[in-house]
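The values are calculated or read from the model by the stated rules, or taken from the named source; none is laboratory data. Worth saying up front: this structure is predicted, and the values here are computed from it rather than measured. With ideal geometry, Cβ positions are generated from the backbone for all residues, glycine too; neighbour counts draw on all protein chains shown. The accessibility values were calculated without ligands, DNA or RNA, using every heavy atom of the protein model including side chains. Shrake-Rupley method; radii C 1.70, N 1.55, O 1.52, S 1.80 Å.
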Amino acid sequence: MSIHNQNIKNALRAVIGIMVVVAVIDVIIANTSGSLGAFFKGYSAIIFPVMVVATYAYLGIPIFNFDSDSEVLHIQSHFALGRLFGKELYVPKANIVSFSIDRKRIRKRLTIRYIKNGHEFSEKFGISLLGNKKIEELARQVELIQSTKDTQSGTHLFI
């Protein structure tokens, strides 16, 4: 089953685009010597990028995709404007040690612990912009993966 929030990508792009347009207009008007130039100071060109960076730093990368249809779990997270700084994880379900979902406060995270090359690793993915129903669905999928893994006998696949 695939759980994602791709539908908010266009809204996030629009908000960032509007912020860029407002900041550019603010800087242009601030550099004019008319009566409007005294009111507009160009501060939005500083405030908007700081707000975007602070929001990303607190909430995490906004676009999330969780695909558990095959025997290899695929989790992907990236920015709304592109996949340049995103995270992607492919891990066999047999190598998963544990999952945890932190739903406290505004910042929500999915933490996955898995084994790769004989070592245990942990990855965190931001799920703050998933809706409550999708977070519940993600929790059910995580429990299903964990329960099927616990019922199967065998060892990890050390890949």
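Shown is the FRET efficiency for Glu123 and Val22, computed with R0 = 30 Å from the Cβ-Cβ distance and rounded to the nearest 0.05: 0.25.
Think of each Lys and Arg Cβ as +1 and each Asp and Glu Cβ as -1; about the Cα centre, that makes the dipole of the chain roughly 360 debye.
Net charge in the neighbourhood of Arg83 (other residues with Cβ under 15 Å of its Cβ; Lys, Arg +1, Asp, Glu -1) is +2. Principal-axis analysis of the Cα atoms of the chain puts helix 9-30 at an angle of about 20° to the longest axis. The length gained by stretching the chain between Thr32 and Ala54 to full extension, at 0.36 nm per residue less their Cα-Cα distance, is 4.9 nm.
Of the accessible area of the chain, with the probe set at 1.4 angstrom, what percent is carbon plus sulfur? That share works out to 62 percent. Over all other residues within a Cβ to Cβ distance under 13 Å of Asn95, the charged ones net out to +1, with Lys and Arg as +1 and Asp and Glu as -1.
Out of all DSSP beta bridges with both ends in the chain, state the antiparallel percent to the nearest 5. Antiparallel bridges: around 100 percent, rounded to the nearest 5. Once backbone amide H atoms are built at 1.01 Å from N, Ser128 has Lys108 as its partners under 5 Å, excluding neighbours fewer than 5 places away on the same chain. Scoring 104-113, 86-95 by mean Cβ neighbours within 10 Å over their residues and listing the highest first yields 86-95, 104-113. Around the amide H of Val97, modelled in the peptide plane, lie the amide H atoms of Arg113, Tyr114, Ile115, all under 5 Å away and 5 or more residues distant in sequence or on another chain.
Taking 19 Å as the limit for the C-alpha separation, the pairs Lys104/Lys134; Lys87/Lys149; Lys93/Lys134; Lys9/Lys41 exceed it in the case of Lys87/Lys149; Lys93/Lys134; Lys9/Lys41. Only protein heavy atoms count here; on that basis, with a 1.4 Å probe, Val142 has an accessible area of about 10 Å². Against the chain, whose longest principal axis comes from its Cα atoms, helix 132-151 is set at around 20 degrees.
Excluding ligands, DNA and RNA, the accessible surface per residue across the chain is 62 Å² with a 1.4 Å probe. Axis of helix 44-59 versus longest Cα principal axis of the chain: the two differ by about 10°, to the nearest ten degrees.
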